[in-house]
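S.K.: Dropping a structure here in structure tokens format, bear with me for questions.
The values are calculated or read from the model by the stated rules, or taken from the named source; none is laboratory data. The model shown is predicted, which means the values in this text are computed figures rather than measured ones. Because the Cβ atoms are built from the backbone with ideal geometry, glycine has one as well, and the counts that use them run over all protein chains shown. Heads up: the accessible areas ignore ligands, DNA and RNA and are worked out on the full protein's heavy atoms, side chains in. Shrake-Rupley method; radii C 1.70, N 1.55, O 1.52, S 1.80 Å.
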Amino acid sequence: MPYPDLQTFLADLDAHSQLKRITVEVDPILEISAIANQVSKLPAAGNSPPPPTDPVHGGLGGHALIFENVKGSAIPVAINVFGSYERMRLALGVSDFEEVTDRVRQLVRPEMPTTLIEKMKKLPQLARLASFAPKVVKRGMCQDIVHTDDASLFDLPIIQCWPHDGEPGFGGKPAEDTVGTGRYITFAGIHTKDPDNGKDNVGMYRVQVFDKRLAAVHWHVHHDGARNFRKYKNRGEKMPLVIAFGAEPVLPYAATCPLPPDVSELLFAGFLNDGGIEMIPAKTIPMNVPANAEIVIEGWVDPEQTLIEGPFGDHTGFYSQADRYPALQVTAITHREHPVFPATIVGFPPQEDYYLGKATERIFLPLLQMLIPDILDYHLPMFGAFHNCAFVKIRKEYPMHARKVISSLLGAGQLMFSKMIVVVDEDVNVHDEQDVLFHMCANVDWRRDTVIIDGPCDILDHAGPYCGSGAKIGIDATRKIPGEGVIRDWPGELTMNDEMIERIKHRWDEYGL
Ligand SMILES: Cc1cc2nc3c(=O)[nH]c(=O)nc-3n(C[C@H](O)[C@H](O)[C@H](O)COP(=O)(O)O)c2cc1C
Ligand SMILES: [Mn+2]
């Protein structure tokens, strides 16, 4: 079973020898980040073998860390909590991501009951579906202590991740107006509502601290938080916003998931949690907040006020450039007694976000296959930092089949940001980067088998000519068939026959090898 809140999760990580407590005083400015950056590259804590889908990089991630003595704040900082396969599995309450994948598969491909008895048997399953919706309850520990007029972001141990974060003018953009600090909220769910239909959305977006009650919210134009905000802006209304830290560990994970705009992350978290996320009314805004959160920030986003947000050391391994983002006016900070403040850093991989991404890669395969049934499996390599590279496996059935899959992927949710897509045949292990690149290099005629196409890019991509737009390459690394421009016979690939493999297996000791 998943955990009811962050501290229960941390206690269980401790019991699994997955947690280290740092008791000496540390600086929230760069020191915590520098430590976490190194720890994320260490061998994974405990006895946690890498999954077969990631044999090379899967064994990293060190320990989850709690810094108990953070300069300038009474609140401890937890970091790298989801930063290994083992901890990510624990957060989801499973021993293998495939358990969740199977549940998703059943959800999207339910077997239709035919007889009345079968229909009756399905009823409890339907009732269970209803139990995944968020539950509004009366009280919640996240409001044990309430600060309104005396609320200050500076009371929280908000970290600075990289040396030039928030530095005016660094990376080109001049600081025209109010200058922010280098401190960023990095691991929280940003809750917003669609003003037209009241539907909830939770996304994980960084938030830069400007002052005691002033911050900037960095949601990308493509994401649902920004979409909701545009609607408020068009109405000329202020937007209520909640920043929630902690709560059920499936909740911050769900906030990172590439769900379609109309699918609620709270509902999906309830599905992962096998029970609805508990919510309570906020103190100062017309929103609900997660009852079991460690800390909650409430506030309003003013459609008329923007701030120069950034630069920020990003998951691309580079600083993303400063730009204008909406300002958040904080109206309340509430928290449980003795809260823990969760944070993360991003940067050259592997970092904590790699494991969130890998869980999503596995869990969303059935949904991707609903959109593009041709896809047998896929792999987002660590070096691709999510959007830069996707390896995809198909069973080719007709000429230009790989091209069809490339075109489809470039229109599929957040995979549309992919800068390079390599399609391989079904006998290639798509999780083995050597195997994919071997077949790519061997099978591709670069003029014939590639397609370059312009499209939307991730806002953080710095290579394209404009922010958010650039060129992508699709590479057909499958063996070519008639109709794909091949004018010669395609050679057979080398494999030993089964009889001989059996024979030498039996005789291996005789060889004295
Ligand atoms: C650690 C981490 C930090 C992220 N930071 C941002 C961010 O600052 N801005 C953003 O738009 N997306 C960010 N993302 C990605 C979004 O959380 C993700 O794309 C999510 O699906 C967006 O949800 P939405 O479409 O409901 O807005 C981050 C993801 C992770 C794992
Ligand atoms: Mn969403």
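S.K.: Can you name the residue in the stretch 177-232 that is β-branched (Val, Ile, Thr) and within 16 Å of ligand 2 (Cβ to nearest atom) and is also nearest to GLU167 (Cα to Cα) among such residues?
M.R.: Applying the filter and picking the extreme gives VAL217.
S.K.: Being near ligand 1 (Cβ under 10 Å from one of its atoms) and touching a helix residue (DSSP H, G or I) at 6+ places or on another chain (Cβ under 9 Å) is the filter; apply it to the stretch 258-267 and report the residue that is nearest to LEU92 (Cα to Cα).
M.R.: Checking each candidate, the answer is GLU265.
S.K.: Is there a residue in the stretch 463-478 that is open to solvent by 100 Å² or more (accessible area, probe 1.4 Å) and either small (Gly, Ala, Ser) or under 35 Å from the mean Cα position of the chain (by Cα) (or both)?
M.R.: Yes.
S.K.: Of the numbered conditions (1) farther than 16 Å from PRO258 by Cβ; (2) open to solvent by 10 Å² or more (accessible area, probe 1.4 Å); (3) in contact (Cβ under 8 Å) with a residue 24 or more places away in the chain, PHE391 fails exactly one; give the number of that condition.
M.R.: (2)
S.K.: Filter the stretch 365-387 for residues that are open to solvent by less than 60 Å² (accessible area, probe 1.4 Å) and not aliphatic (A, V, I, L, M) and give the result.
M.R.: Within the stretch 365-387, PRO366, GLN369, ASP374, ASP377, TYR378, HIS379, PRO381, GLY384, HIS387 meet the criteria.
S.K.: Another one. Among ASP262, ASP314, which is charged (D, E, K, R) and within 16 Å of ligand 2 (Cβ to nearest atom)?
M.R.: The conditions single out ASP262.
S.K.: Then there's this: With the checklist (1) under 30 Å from ILE295 (Cα atoms); (2) within 16 Å of ligand 2 (Cβ to nearest atom); (3) open to solvent by 10 Å² or more (accessible area, probe 1.4 Å) in hand, flag the one item VAL346 doesn't pass.
M.R.: Here VAL346 meets the rest and fails (2).
S.K.: Now for a different question. Please verify whether the stretch 45-62 includes one or more residues that are buried (at least 16 other Cβ atoms within 10 Å of the Cβ), assigned to a strand (DSSP E or B) and in contact (Cβ under 8 Å) with a residue 12 or more places away in the chain.
M.R.: Within the stretch 45-62 (the criterion being buried (at least 16 other Cβ atoms within 10 Å of the Cβ), assigned to a strand (DSSP E or B) and in contact (Cβ under 8 Å) with a residue 12 or more places away in the chain), the answer is yes, since at least one residue qualifies.
S.K.: Now for a separate question. Tell me yes or no: at least one residue of the stretch 162-173 is at pLDDT 95 or above and within 12 Å of ligand 1 (Cβ to nearest atom).
M.R.: No, every residue in the stretch 162-173 fails to be at pLDDT 95 or above and within 12 Å of ligand 1 (Cβ to nearest atom).
S.K.: When you scan the stretch 187-200, do you find a residue that is touching a residue at least 24 places away in the same chain (Cβ under 8 Å), within 16 Å of GLU309 (Cα to Cα), over 16 Å from the mean Cα position of the chain (by Cα) and near ligand 1 (Cβ under 9 Å from one of its atoms), even just one?
M.R.: no
S.K.: Is the stretch 5-23 home to any residue that is at pLDDT below 95, open to solvent by less than 20 Å² (accessible area, probe 1.4 Å) and not acidic (Asp, Glu)?
M.R.: No, the conditions are met nowhere in the stretch 5-23.
S.K.: To continue, here is another question. Could you look through the stretch 214-235, keep only residues that are within 7 Å of ligand 1 (Cβ to nearest atom) and touching a strand residue (DSSP E or B) at 6+ places or on another chain (Cβ under 7 Å), and pick out the one that is most open to solvent (accessible area, probe 1.4 Å)?
M.R.: The residue in question is HIS223.
S.K.: Can I ask one more? Is the stretch 130-138 home to any residue that is over 28 Å from LYS233 (Cβ atoms), more than 16 Å from ligand 2 (Cβ to nearest atom) and of a type in the set (Ser, Thr, Tyr)?
M.R.: So far as the stretch 130-138 goes, yes, one or more of its residues are over 28 Å from LYS233 (Cβ atoms), more than 16 Å from ligand 2 (Cβ to nearest atom) and of a type in the set (Ser, Thr, Tyr).
S.K.: Specify which of the listed residues (ASP435, ASP454) is open to solvent by 30 Å² or more (accessible area, probe 1.4 Å), free of Cβ contacts under 8 Å to residues at least 24 places away in the same chain and touching a Ser or Thr at 6+ places or on another chain (Cβ under 9 Å).
M.R.: One residue alone meets the criteria, ASP454.
S.K.: Would you confirm whether or not the stretch 248-256 contains a residue that is more than 16 Å from ligand 1 (Cβ to nearest atom), surrounded by 19 or more Cβ atoms within 10 Å (Cβ to Cβ) and not small (Gly, Ala, Ser)?
M.R.: Yes, that holds for at least one residue.
S.K.: Follow-up question, since we're still on this one. What tally of residues in the stretch 332-370 results from selecting those that are of a type in the set (Lys, Arg) and within 15 Å of the chain's Cα centre (by Cα)?
M.R.: Counting residues in the stretch 332-370 that are of a type in the set (Lys, Arg) and within 15 Å of the chain's Cα centre (by Cα) gives 2.
S.K.: In the stretch 279-322, how many residues are open to solvent by less than 20 Å² (accessible area, probe 1.4 Å) and either free of Cβ contacts under 8 Å to residues at least 24 places away in the same chain or in a strand (DSSP E or B) (or both)?
M.R.: 19
S.K.: Related question: Check off (1) under 30 Å from HIS338 (Cβ atoms); (2) open to solvent by less than 10 Å² (accessible area, probe 1.4 Å); (3) within 16 Å of ligand 1 (Cβ to nearest atom) for PRO157 and give me the number that stays unchecked.
M.R.: In the conditions (1) under 30 Å from HIS338 (Cβ atoms); (2) open to solvent by less than 10 Å² (accessible area, probe 1.4 Å); (3) within 16 Å of ligand 1 (Cβ to nearest atom), PRO157 misses (3) alone.
S.K.: Looking at the structure I just gave you, is LYS20 of a type in the set (D, E, K, R) and farther than 30 Å from ALA151 by Cβ?
M.R.: Spelling it out, LYS20 is indeed of a type in the set (D, E, K, R) and farther than 30 Å from ALA151 by Cβ.
S.K.: Here's something else I'd like to know. PRO110 passes all but one of (1) touching a helix residue (DSSP H, G or I) at 6+ places or on another chain (Cβ under 7 Å); (2) open to solvent by less than 80 Å² (accessible area, probe 1.4 Å); which number fails?
M.R.: (1)
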